[in-house]
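**Student:** The structure that follows is given in the form of structure tokens.
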Amino acid sequence: MASLSQEALSEFAAECEEIQQRVSTNLAKLEENSASPEVLDALYRDMHTMKGSAHLFGFGPLGNIAHAMEACLSALRSVAGAPSKLVVDALFEGLGLVDRFRIDGFESKELGVDVTRVVSKLVEASTQLIEALPPEVRESSWVEDRTNDLRARIKAITAPMQISNKGRPASASVPEKREVLAPPASPPTNNGMASQAASAVPASETVRLRVDLVDRIMNLVGELVLVRNQMLSYTSQTENSELLSMGQSIDLVASDLQTEVMKTRMQPVSALVGKFPRLVRDIANQLNKKIKLTIEGSETELDRTVLEAVKDPLVHILRNSCDHGIETPDQRKEAGKPEEGHVVLRAFHESGQVALEVRDDGRGLDPEKLLQKALEKGLIDESKAETMSKDEIYGLIFAPGFSTAAKVSSVSGRGVGMDVVKNNIESIGGRIELESELGKGSRVTLRIPLTMAIVPAMLVRSGDERYAISQSELRELVGLGARYNGEHRLEEIENAMMIRLRGNLLSVISLNERLNLKEAMSCEDQTVVVLHSGGRPFGLLVDEVLETTDIVVKPLADLVRDRSVFSGATVLGDGKVALILDINGIAPQSSNRTAESKNQLRGSSLDGTSGDSFIVFKISDASLYGVQLSQITRLENFSEEQIEFSGKHEVIRYRGQVLYLVDIDRVLLPELAKSDEKNFPVIVIETEDRIVGLRVSEIVDIESVEDLPREETSGSYVRRRLVMNERVVSEVDVAMIVDHYFGADTKANASSVVNSNVPTRPKILYAEDMAFIRKSGATFLEKQGFEVVACEDGAIAWEKLEGSEPGEFVALVSDIEMPNMNGLELASKISESSRFSGLPMIAVTTKSTDSDKAKGEAAGFAVYLDKAELENTGEHLKKLLKERG
Amino acid sequence: MSESKEEKKTTRQFATFWLSDSLYGVEVEWVQEITRRMAITPVPLSPEFIEGLINLRGQIVTTINLRKLFGLKGEYPDSPMNVVCSSEGLLVALLADETGDVVEVPVQSYEPVPDTVPGELATFLECVFKMDGALLSVIDTKVVVDLLRQSESGSSKGKDHTHV
């Protein structure tokens, strides 16, 4: 307990008070209207935090109250509708008790009886909430999960109550679980001050400064750096040598000042991690595990605001490692490991950043389990699951609503978990990486900027504007075109661009395209900026690379930052504002394109060749085939469900047209059984009279061929055999295959199929109150071939629907939050009406927590989308319409 | 900031400006300053009504095209005015055709927003004051701030992007 300083205690008290105020406001909201999900989430998060902090400090009773409140709120989150009086009362009583702890002292013994009473009441409230759920909901796995979770919590909470109040057993308690929570360690004493003073530096050499004063100085220095930059861009053009030298002096002084002021804000990591050994020991006791914590590099310094910001995430990660990572002694023995688990926390400098690494030798993450869990929770669908790489699967941990522990304990929470950690880290410009090996352990690394205030950056130009990229994310620059000997050039399959870099394919994104700017100049003179942030490296194509400079990061309004393309803004030397690119946001999302997943080119002899390029693919016999790149329109992935039949031919609706599927196996290997893959890559080729898709097993590579000796073959579907990288690739004759496949008959009826398959534009009703969203939503839908009738709110939409001809509207797309009549009311009204029930309905909204979704679905929405997916609404709609026939 | 008016509540002060020949007002406490148009940095992919960002002595200000926000027709003059407002640490510049005076109006002349005002505009108005010769439409600053604070996407990363 000696490590618990008075300072930390007062910090905790302040935090408690803060939380208490927020919770009090939010509970009042809860009482007066039916609970909005945001409010519930906020409440839940706050109590979760308080629970964690209280346990961290060893304030068991307070932690238990917080825990019970958290559990109750957790149940409340899954229940639709207004909470009962019992629930609200219990929560308020809990809050009142928190207040008394704060006033009487957190280790107060007198309150024990009340704790038992209030916890029981909260437990009762939670039980009531869960029982109120309709049985079919309760049985579905997630509620089951939560119920069990809650039961576990109730046990965990009430058990220690028994210990501290032997005379009065709490009614709902389950005594056999006594070992779950160790009784709180001895209460903190107030002699922290004394020990602190003893270790302090002699008073004459230090001076105490108010933190806000330091912050203010830091801000001013930030401004000074800006003015200096402005001045430098001016003096660099001047002829006046005196002015020039003055400019240089100011530059030097400002740089030194900046460094020194930064130092005043630096604190060693030890200030943060000092509490961790205790934390780990307590957790180990609670879980009956043996865990050793080693801290390395605790002298590493970080800006105090950054330090503050990583505190909670780090605690969370550490808890996760101990709770989910390290196995029980028995399990460890079985696995041939020492009984004692080892967790290492290491802080170190790396390329201008500080890395904080939590490494354990526990069980590691099981990708299969993660996938299964994500599927269960509906975070991904099966077709997505099959295409995910290992890193992407690990990334699921950071998805909202994900928790890996099959059981939940008081040690690491659930729900508000790693997603919050990730958001916190990213909000300070850091990033989080996760590595794991099944059975061997995991490593979570936080990469944090030294300071949030001033960042070295590179400026690039795209279109007419300049954008800043943080140097920490920058790997290298690759010049394109003749100026750089033409060594590197962009290669492209329709929209997927890539370059070859030291034998690897690197996918390239055009900044102009990403930002919807007009293409300003030919690719010839552009530069590829190679960036690396979290995922795989990628190239960003910019019009020009300008200079490197220090920038002061200024926040953006949420709505402006919204598209997660920009992380902030800064003022440049000439006084203009430049946006800072959020590299994580710009990075390519995982896709079906080949180049990103199959990026290993064998050997380096291919660089700079000028021969023809081929798409190399495999079919069921696993030998290699190729099609000339120039013949190909696109590469796509389709699934079995998308296939329809037109006569005897398999077709897929594709961009408003019909794509004829050619199963290349059946042509080349008629003796083999038909492949039964559910998802398959397709090479799309446009011929004169139709669009054809070659169904293949796997797309292997893009390769070029120099003028090598080749063996011509005749009279078969293989045009010639080519040698690429010491492998034989058979080039298929697309025209011949297509002719064989369709015979002569399809030409004539191709057009009739198109006509019957592409109906006149189906009409849909679209309700959305925000004008600009309405407009862009309507545009997206129109692009997908729908006729859109847009309405400002639910009431207008209902009016329009009532006045419509039977069957005039084929579907409804609606926002949830709208004036007059909201989306839920509208949907319920439609579902209940005899005329329109069964109308397919899609919600597109910002209210997308699980409980929102549940409400939406209850009201009759078949699909519930986040507004971020606005542009995909059309596709979802098509899918829905197809399902409904 | 707004405590002083709580006591009297007989009059309210507004900084006024003209837009499409109508008079608009913003609560004086909210207005930080008024500037001529400055060099502006557009924000790609943002909603249409976000005109861009300007640098006001080192502070980043989000500029709002009120015409597009309110759904009004017409164009701004070559050199529109920035009515820079500050709320909860957020700096917002409202683009106006021309600025007017600071007016003090008695609270009795308060009228709710008439039903005939089109929806987009009505959302952003708090009320209307009858003045001699003109109606003063008061912009509900809270709605504007909330709009800028709202996050449309939360986390759009990692969503299932289909390539079509």
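**Student:** Sorting check: for A:90-103, B:77-90, which peptide has the highest mean count of neighbouring beta carbons within 10 Å, and how do the rest follow?
**Tutor:** Descending mean neighbour count gives A:90-103, B:77-90.
**Student:** How do A:324-330, A:238-244 rank on mean C-beta neighbours within 10 Å, highest first?
**Tutor:** For the peptides A:324-330, A:238-244, the packing ranking is A:324-330, A:238-244.
**Student:** Report B:I34's accessible area, 1.4 Å probe, all protein chains in place, as a number in Å² to the nearest 10.
**Tutor:** Number for this one is 70 Å².
**Student:** Hey, another quick one. With every protein chain left in place, what is the accessible area of A:H349 in Å² (1.4 Å probe, nearest 10)?
**Tutor:** My reading of the accessible area for A:H349 is about 110 Å².
**Student:** Also, I was wondering about something else. Relative contact order, percent, of chain B when contacts are C-alpha pairs under 8 Å separated by at least 6 residues?
**Tutor:** Result for chain B is 23 percent.
**Student:** Starting at 0 and stepping by 10 Å, how many percent of the alpha carbon pairs of the range B:53-150 end up in each bin?
**Tutor:** Cα pair-distance distribution for the range B:53-150, in percent: 13, 42, 37, 8, 0.
**Student:** Give me the number: length gained by fully extending A:D739 to A:E382, i.e. 0.36 nm times residue separation minus the C-alpha to C-alpha distance, one decimal in nm. Show your work: numbers first, answer last.
**Tutor:** Values: separation 357, 0.36 × 357 = 128.52 nm, distance 3.49 nm.
Full extension of this stretch gives 125.0 nm more.
**Student:** Tell me the accessible surface of A:K763 in square angstrom (1.4 angstrom probe, heavy atoms of protein chains only), to the nearest ten.
**Tutor:** 50
**Student:** If you don't mind, there's one more thing I want to ask. Per residue of B:51-58, what is the mean number of Cβ atoms on other protein chains within 10 angstrom of that residue's Cβ?
**Tutor:** Working: counts 0, 4, 11, 4, 11, 2, 4, 9.
Per residue, the number of nearby Cβ atoms from other chains is 6 on average.
**Student:** Binned at 5 Å from 0, what are the whole-percent values of the Cα-Cα distance distribution for the range A:819-885, short to long?
**Tutor:** P(r) over the range A:819-885, rounded to whole percents: 4, 18, 26, 25, 21, 6, 1.
**Student:** Taking the alpha-carbon centroid of each part, what is the distance from the range B:117-133 to the range A:248-327 in angstrom?
**Tutor:** 53
**Student:** If you take the accessible area of A alone, add that of B alone, and subtract the area of the pair, what total do you get in Å², probe 1.4 Å, to the nearest 100?
**Tutor:** Buried: approximately 3900 Å² between B and A.
**Student:** Once both labels are modelled 7 Å past Cα along the beta-carbon direction, what's the A:E433-A:M246 spacing in nm?
**Tutor:** 4.7
**Student:** Select from B:A93, B:A122, B:A134 the residue whose mean-square fluctuation is largest in a Gaussian network model of chain B (Cα-Cα springs shorter than 10 Å).
**Tutor:** Highest fluctuation among the options: B:A134.
**Student:** With the crude spin-label approximation of a point 7 Å out along Cα→Cβ, what separation in nm comes out for B:K130 versus B:V143?
**Tutor:** 2.2
**Student:** So how much slack lies between A:E805 and A:N219, counting 0.36 nm per residue of separation and subtracting their Cα-Cα distance, in nm?
**Tutor:** Here the segment from A:E805 to A:N219 would lengthen by 204.6 nm.
**Student:** While we're looking at this one, here's another question. Sort B:W18, B:W30 by accessible area with a 1.4 Å probe, largest first.
**Tutor:** Ranked list, largest accessible area first: B:W18, B:W30.
**Student:** Continuing with this model, one more query. Using a ≥ b ≥ c from the Cα gyration tensor of the range B:1-127 (square roots of the eigenvalues), is it rounded, prolate or oblate, where a/c under 1.5 gives rounded and otherwise the larger of a/b and b/c decides, a/b for prolate?
**Tutor:** Numbers: a/c = 1.88, a/b = 1.33, b/c = 1.42.
Because a/c hits 1.5 or more and a/b fails to exceed b/c, the range B:1-127 counts as oblate.
**Student:** A further question follows. With all protein chains present, how much of the accessible area of chain B (probe radius 1.4 Å) comes from carbon and sulfur, to the nearest whole percent?
**Tutor:** Working: 4000 of 8010 Å².
On chain B, the fraction of accessible area on carbon and sulfur atoms equals 50 percent.
**Student:** Same structure again: Could you order peptides B:58-66, A:247-255 by the average number of other Cβ atoms within 10 Å of their residues, highest first?
**Tutor:** Working: B:58-66: 20.9, A:247-255: 14.4.
So the peptides B:58-66, A:247-255, ranked by packing, come out B:58-66, A:247-255.
**Student:** When you look at the Cβ of every residue in A:551-557, what mean number of other chain Cβ atoms sits within 10 Å?
**Tutor:** Neighbouring Cβ atoms belonging to other protein chains average 5 per residue here.
**Student:** Which whole number in µm²/s is D for the range A:237-293 by Stokes-Einstein, with the Kirkwood Rh taken over Cα pairs at 37 °C and 0.692 mPa s?
**Tutor:** Using the Kirkwood radius from Cα pairs, D works out to 208 µm²/s.
**Student:** Moving on to the next point. If the limit is 31 Å between Cα atoms, which of A:K554/B:K142; A:K275/A:K867; A:K121/A:K292; A:K554/A:K867; A:K853/B:K73; A:K384/B:K68 go over it?
**Tutor:** As for pairs spanning more than 31 Å Cα to Cα, those are A:K275/A:K867; A:K121/A:K292; A:K853/B:K73; A:K384/B:K68.
**Student:** How big is the range A:224-329 along each principal axis, measuring the range of its Cα positions in Å and listing the largest first?
**Tutor:** For the range A:224-329, the Cα extents along the three principal axes come out at 75, 20, 17 Å.
**Student:** If you roll a 1.4 Å probe over the range A:760-885 with all protein chains in place, what percent of the accessible area is carbon or sulfur?
**Tutor:** 48
**Student:** Under the definition of partner shielding as Cβ atoms of other protein chains within 10 Å of a residue Cβ, what is the mean value for peptide A:568-574?
**Tutor:** Partner-chain Cβ atoms within 10 Å, mean over residues of A:568-574: 3.
The values are calculated or read from the model by the stated rules, or taken from the named source; none is laboratory data. What you see is a predicted model; the values in this text were computed from it and never measured. Note that we place each Cβ from the backbone using ideal geometry, even for glycine, and neighbour counts take in every protein chain shown. With ligands, DNA and RNA removed, areas are computed over all heavy atoms of the protein, side chains included. Shrake-Rupley method; radii C 1.70, N 1.55, O 1.52, S 1.80 Å.
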